[in-house]
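> Provided herewith is a single structure, encoded as structure tokens, for subsequent inquiry.
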Amino acid sequence: MDGTGSLKGRVALVTGGASGLGRATARALAAAGAHVAIGDIDAAGSERTRSAVLDAGGSAEVVALDVTDDATRRSVVADLFDRHGDAFDVLVNVAGIDRPGYITDIGLADYRRVQAVNCEGPVFLTSEFVKRVQHLPEGRTADVVHVVSLSAITSGSGAIAYNGSKAGFLNATRCIQRELREKASRLPDGTERPFPCRVQAVIPAAMDTPMMEQWGIPSHLMMPPDAVADMVRTLVLLHPSAFVPEMQIVPRLEPNFPR
């Protein structure tokens, strides 16, 4: 980021971009000038997001991405770097799913699927991205934003798979942050600079997205995805010297969720 408040010239991969917060984030980053790669397994939804970005005057492309598949993660990251070079320096991990279930009836396949999408997938996608940007030239900072969830630090009945996956993702994010902050790049003159990539986390409460329909929460007690997407954009636009480890975002009205 050059201090202008613009993402012009930067390329961002947004996972889960076919709907909900992913779509809102793609639009927000594109509105700030980024070229957005919309990554999702939902091709039709991704095309709708791309159309929305283009209709608003932005730039976007669709990439087929299953965050649970290692080969696909590797190929998508490699392809974006091959085509866009160092301009590809933003990754936003939004993709997430939920499978309600109590400890007495949660299925193993559902539990593992939620873990794969919500924790394992973004962790290893971040790994692929960080390996590529670690050699960015001096003065450049790549950005990773992890969308976690307030469910990572609260607990509720019937959400063991989702809450557990998000808690694991939050702690994994903290580990990644610590590792990257401990890694300094030594410059030719012997001085050191911060590792050329920062990983920041957004921890939102419930948003009015398709995933939340199963819980029957009134829309007015949830945040619109645009509100959280604005915060994602804010983190990416921070001055390179700044770092926000975690940002909680909650609605102004208390939803009174079970705790």
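> If we keep just the residues of segment 146-181 that are part of a loop (DSSP other than H, G, I, E, B) and crowded, with 19+ Cβ neighbours inside 10 Å, which is farthest from the chain's Cα centre (by Cα)?
Filtering first and then ranking leaves Ser149.
> May I ask you to list the residues in segment 113-145 that are assigned to a helix (DSSP H, G or I), in contact (Cβ under 8 Å) with a residue 40 or more places away in the chain and charged (D, E, K, R)?
Within segment 113-145, Arg113, Glu120, Glu128, Arg132 qualify.
> A follow-up question, please. List every residue pair whose Cβ atoms lie under 8 Å apart, where the two residues are 6 or more positions apart in sequence or sit on different chains, the first residue falls within segment 22-39 and is within 16 Å of Leu65 (Cβ to Cβ) and touching a residue at least 60 places away in the same chain (Cβ under 8 Å), and the second residue, located anywhere, is surrounded by 24 or more Cβ atoms within 10 Å (Cβ to Cβ) and among the polar types (S, T, N, Q).
From segment 22-39, the pairs are Gly22/Thr15; Gly22/Thr49; Arg23/Thr49.
> Sort out which residues of segment 6-41 are assigned to a loop (DSSP other than H, G, I, E, B) and touching a Gly at 6+ places or on another chain (Cβ under 9 Å), and write them in order of number.
Selection gives Ser6, Leu7, Lys8, Gly9, Arg10, Gly16, Gly17, Ala18, Ser19, Ala32, Gly33, Ala34.
> Only one of (1) within 17 Å of Ile97 (Cβ to Cβ); (2) of a type in the set (A, V, I, L, M); (3) part of a strand (DSSP E or B) is not met by Val67, so which one is it?
(3)
> One residue is enough: does segment 39-52 have a residue meeting the conditions more than 15 Å from Leu235 (Cα to Cα), hydrophobic (A, V, I, L, M, F, W, C) and buried (at least 24 other Cβ atoms within 10 Å of the Cβ)?
no
> Going by the conditions given, is Leu65 touching a Gly at 6+ places or on another chain (Cβ under 8 Å) and either surrounded by fewer than 19 Cβ atoms within 10 Å (Cβ to Cβ) or at negative phi (or both)?
yes
> Given the criteria modelled with pLDDT of 95 or more, surrounded by fewer than 21 Cβ atoms within 10 Å (Cβ to Cβ) and not in a helix (DSSP H, G or I), does Asp89 qualify?
Answer is no for this residue.
The values are calculated or read from the model by the stated rules, or taken from the named source; none is laboratory data. As the structure is a computational prediction, the values presented were derived from the model and not from experiment. Because the Cβ atoms are built from the backbone with ideal geometry, glycine has one as well, and the counts that use them run over all protein chains shown.
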